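Novice: My structure is below; once you've seen it, I'll send some questions.
The values are calculated or read from the model by the stated rules, or taken from the named source; none is laboratory data. Remember, it's a predicted structure, so these values are computed and weren't measured experimentally. We place every Cβ from the backbone using ideal geometry, glycine too, and count neighbours over all the protein chains shown.
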Amino acid sequence: MTELLTAAQMQAIEKAAIDSGDVTGLELMERAGQGVVEAIFEEWPELVDPAGGPAPQTPRGISEQKKRRAVVLCGPGNNGGDGFVVARLMKERGWEVEVFLYGDPSKLPPDARVNYERWCGGGGNVVHFASFNPWASHADVFMDAVFGTGLSRLVEKDIAKKLGEAAVIERFVAIDIPSGLCADSGKNLIDRDVETGASFASPASHLTVTFQYQKHGHRIGVCATSCGVVRTVDIGLDHKQAMRLLGRPYDPVSRRRADFSAIVSLFDNRTLLRGFSTLESYLDKAWSGKNGNKFTHGHALILSGGPGKTGAARLAARGALRIGAGLVTLGVPPSAQMEVASQITSLMLRRVEGGEGLAELLSDERLNALCLGPGLGMDRARDLVPVALQHTRATVLDADALSGFADAPDELFGMLHETCVLTPHGGEFARLFPDISEKLNAVPTKGPAYSKVDATREAAKRAGCVVLFKGPDTVIANPDGRCSVNSAHYERAAPWLATAGSGDVLAGFITGLLARGFDPMQAAETGAWLHVECARHFGPGLIAEDLPEQLPAVFRELGI
Ligand SMILES: NC(=O)C1=CN([C@@H]2O[C@H](COP(=O)(O)OP(=O)(O)OC[C@H]3O[C@@H](n4cnc5c(N)ncnc54)[C@H](OP(=O)(O)O)[C@@H]3O)[C@@H](O)[C@H]2O)[C@@H](O)CC1
Ligand SMILES: [K+]
């Protein structure tokens, strides 16, 4: 798994490493600057030759070779210190470097101050940020070292405006994080126009170079779409020590991390494969066919709505079947029976008129995973959800099963149990958790701001079950504190996944995995990750029906 840290966690690790005497702050800053320079040349190898800049045209049309030029924008903290290191290293490589400083050099923190002096001592010049004119500066690379993880207040509009203007120029590099974005929440922390309330956009970089660990903000909120490419460079902090410090020591006896709650993880394919391989039944019995049969692979029940509304449940059912549930039954009201019967082949169908019918069906203990919500209709949801929850089967509640309780969320919370998974999108989340949603959507006034991670964790605690808060930055939280982000950004971006019915398929994927015996957190994480993989595998032009059909190829590529 890949750990995502908060700014405070990163600062704590850095401080502990320095306090232990293993490393000095200056050494860390030097490694950080070095990492930025290396990342720039890896990203743009054409920049390696300092004399090989594009030949500017003279008025006579004659080309001249020129030196490469960098503009480094430094701020008042250690992020600015990194900027001074980068400036010095680029100059040593033969570049022309111009440095602008926002802040008073005499107030720089000690390590940044040392690097400011090293830069000046080496003949470097520092101009006040007020004189920086993005339109008049020319450079092969602009470096944004104004604010990093220490952003604690709203950024003045003038700074943000200049950064935004510089960022339209090719090769804008953010050191640690684009300035003005909150490292914890990924939110824009730029001051608003008092009259209109409009905020200036944060700068969008082409490359962001962060240190040792990505922060939550690199994967959630507006920041996740403002970083360009993110490169994480190693600055030599000890991983085991860091995890111990953050309350997540490795327990050699159980071979597990003792506490899952301290650190948010970025769900990735390594985590996914571990999940599958620990579930022997999935690998051995399902796919090699050694011991299993359809009854040992779980039996999912997907409840459908009435006539004309059955498509969503059918999508979910197809998802559950493709992901590996042995049997999938659609529970349909009698009025929709013909409609559904004419549309399905490998799925089974049972009439479920109302709560009583569902209770009767659930007397069959083999039905081990339920899905309610897609196309269910509010009235039917209010009728069926209490019955489903009484039977304490692993249960996914989505769409109408959530919105149906908008007037009485506490009634729903009172019925939920620990093998439930709620899969709200933003609107459904706001209906169930209005106060949490309000906090999340409030215009931030300081950093670190309340984040989607904070909101999902709080919601999971209140609901007492797993909450999967959908979006390109899907956050999944368990009441025990475990939390992960399924990020569809950067190389995993799949904007075409935002299509009608895609959420229904996701609910089906999770239900299918629950039927196979995945625990709720694992089912939610795995389902969400595979959902994005299916979208990426298909590409643009995707419609929801295509998603389940990509699973065999995605499994094959993963070696499952
Ligand atoms: N952690 C690590 O392992 C390593 C960290 N490293 C680097 O250090 C960076 C973190 O440094 P940092 O803590 O000094 O914070 P940083 O982002 O430079 O800003 C703080 C300054 O900005 C000010 N300020 C805040 N908001 C403001 C506003 N709106 N408008 C105006 N001013 C504002 C704030 O003022 P104050 O709030 O104190 O009054 C303070 O002066 C990190 O991102 C990484 O690049 C690497 O060197 C090596 C390893
Ligand atoms: K920055």
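Novice: Which residue out of Ala442, Ala449 is in contact (Cβ under 8 Å) with a residue 60 or more places away in the chain, in the same structural domain as Gln522 (by TED's automatic domain parsing) and under 20 Å from Ala224 (Cβ atoms)?
Specialist: Criteria check complete, one pass: Ala449.
Novice: Go through region 334-352 and give me each residue that's surrounded by fewer than 20 Cβ atoms within 10 Å (Cβ to Cβ) and either more than 26 Å from Thr499 (Cα to Cα) or modelled with pLDDT of 95 or more (or both).
Specialist: Pro334, Ser335, Gln337, Met338, Met348, Leu349, Arg350, Arg351
Novice: Among the residues of region 1-16, which ones are farther than 18 Å from Ala224 by Cβ and surrounded by 23 or more Cβ atoms within 10 Å (Cβ to Cβ)?
Specialist: Gln9
Novice: Just to be sure I understand the filter: pairs with C-beta atoms under 7 Å, separated by 6 or more residues or on different chains, first member in region 141-152 and among the aliphatic types (A, V, I, L, M), second member near ligand 2 (Cβ under 6 Å from one of its atoms). Which pairs pass?
Specialist: As it stands, the answer is Met143/Ile175; Ala145/Asn79; Ala145/Ile175; Val146/Asn79; Val146/Ser179, since those pairs meet every condition given.
Novice: If you don't mind, there's one more thing I want to ask. State which residue is farthest from Tyr450 (Cα to Cα) when the search covers only region 157-183 and only residues that are of a type outside the set (A, V, I, L, M) and within 12 Å of ligand 1 (Cβ to nearest atom).
Specialist: Filtering region 157-183 for residues that are of a type outside the set (A, V, I, L, M) and within 12 Å of ligand 1 (Cβ to nearest atom), the one farthest from Tyr450 (Cα to Cα) comes out as Asp158.
Novice: If I ask for residues that are aliphatic (A, V, I, L, M) and either closer than 14 Å to Glu533 by Cα or touching a helix residue (DSSP H, G or I) at 6+ places or on another chain (Cβ under 7 Å) (or both), which ones from region 486-514 would you list?
Specialist: Selection gives Ala488, Ala493, Ala494, Leu497, Ala498, Val505, Leu506, Ala507, Ile510, Leu513, Leu514.
Novice: Are any residues in region 42-68 at pLDDT 95 or above and not in a helix (DSSP H, G or I), and if so, which ones?
Specialist: If the condition is that a residue be at pLDDT 95 or above and not in a helix (DSSP H, G or I), then Trp44 is the only one that fits.
Novice: Still on this model: I'd like to check something: does region 250-259 contain any residue that is closer than 30 Å to Ser179 by Cβ and either modelled with pLDDT under 95 or surrounded by fewer than 21 Cβ atoms within 10 Å (Cβ to Cβ) (or both)?
Specialist: No, every residue in region 250-259 fails to be closer than 30 Å to Ser179 by Cβ and either modelled with pLDDT under 95 or surrounded by fewer than 21 Cβ atoms within 10 Å (Cβ to Cβ) (or both).
Novice: Additional query: From the list Leu73, Leu108, Leu101, which one is touching an Asp or Glu at 6+ places or on another chain (Cβ under 7 Å), within 16 Å of ligand 2 (Cβ to nearest atom) and hydrophobic (A, V, I, L, M, F, W, C)?
Specialist: Matching residue, one of Leu73, Leu108, Leu101: Leu73.
Novice: Is there a residue in region 236-247 that is within 12 Å of ligand 1 (Cβ to nearest atom) and surrounded by 17 or more Cβ atoms within 10 Å (Cβ to Cβ)?
Specialist: Checked region 236-247: at least one residue is within 12 Å of ligand 1 (Cβ to nearest atom) and surrounded by 17 or more Cβ atoms within 10 Å (Cβ to Cβ).
Novice: Answer with yes or no whether Phe413 is surrounded by 23 or more Cβ atoms within 10 Å (Cβ to Cβ), among the hydrophobic types (A, V, I, L, M, F, W, C), more than 21 Å from His297 (Cα to Cα) and free of Cβ contacts under 8 Å to residues at least 60 places away in the same chain.
Specialist: No, not satisfied.
Novice: On the basis of being modelled with pLDDT under 95 and buried (at least 24 other Cβ atoms within 10 Å of the Cβ), does Phe509 make the cut?
Specialist: When the stated conditions are applied, Phe509 does not pass them.
Novice: Another one. Of the conditions (1) part of a helix (DSSP H, G or I); (2) over 16 Å from Gly236 (Cα atoms); (3) out of contact with any Pro (no Cβ under 8 Å at 6 or more places or on another chain), Ala8 fails just one. Which one is it?
Specialist: Against the list (1) part of a helix (DSSP H, G or I); (2) over 16 Å from Gly236 (Cα atoms); (3) out of contact with any Pro (no Cβ under 8 Å at 6 or more places or on another chain), Ala8 comes up short only on (3).
Novice: So which residues in region 131-156 are within 11 Å of ligand 1 (Cβ to nearest atom) and either crowded, with 23+ Cβ neighbours inside 10 Å or farther than 21 Å from Pro105 by Cβ (or both), if there are any at all?
Specialist: Residues satisfying the conditions are Asp144, Ala145, Val146, Phe147, Gly148, Thr149, Leu151, Leu154, Val155.
Novice: Just wondering, is there one or more residues in region 154-168 that are away from ligand 2 (no atom under 16 Å from the Cβ), among the hydrophobic types (A, V, I, L, M, F, W, C) and in a loop (DSSP other than H, G, I, E, B)?
Specialist: Yes: region 154-168 contains one or more residues that are away from ligand 2 (no atom under 16 Å from the Cβ), among the hydrophobic types (A, V, I, L, M, F, W, C) and in a loop (DSSP other than H, G, I, E, B).
Novice: Sort through Gly355, Gly331, Gly306 and tell me the only one that's among the small types (Gly, Ala, Ser), at negative phi, over 36 Å from the mean Cα position of the chain (by Cα) and surrounded by 15 or more Cβ atoms within 10 Å (Cβ to Cβ).
Specialist: Being among the small types (Gly, Ala, Ser), at negative phi, over 36 Å from the mean Cα position of the chain (by Cα) and surrounded by 15 or more Cβ atoms within 10 Å (Cβ to Cβ) holds for just one of Gly355, Gly331, Gly306, which is Gly355.
Novice: Follow-up. Check whether at least one residue in region 493-504 is within 12 Å of the chain's Cα centre (by Cα) and outside the structural domain of Thr225 (by TED's automatic domain parsing), and report yes or no.
Specialist: The answer is yes, given that some residue of region 493-504 is within 12 Å of the chain's Cα centre (by Cα) and outside the structural domain of Thr225 (by TED's automatic domain parsing).
Novice: Another question, if that's okay. Which of the residues belonging to region 80-118 are among the polar types (S, T, N, Q) and either surrounded by 16 or more Cβ atoms within 10 Å (Cβ to Cβ) or not assigned by TED's automatic domain parsing to the domain that holds Glu30 (or both)?
Specialist: Asn115
Novice: OK, next. Would a scan of region 518-528 turn up a residue that is more than 22 Å from the chain's Cα centre (by Cα), surrounded by 24 or more Cβ atoms within 10 Å (Cβ to Cβ) and assigned to a helix (DSSP H, G or I)?
Specialist: no
Novice: Just name the residue that is surrounded by the fewest Cβ atoms within 10 Å (Cβ to Cβ) out of those in region 171-223 that are assigned to a strand (DSSP E or B) and away from ligand 2 (no atom under 16 Å from the Cβ).
Specialist: So, considering only residues that are assigned to a strand (DSSP E or B) and away from ligand 2 (no atom under 16 Å from the Cβ), the one surrounded by the fewest Cβ atoms within 10 Å (Cβ to Cβ) is Arg192.
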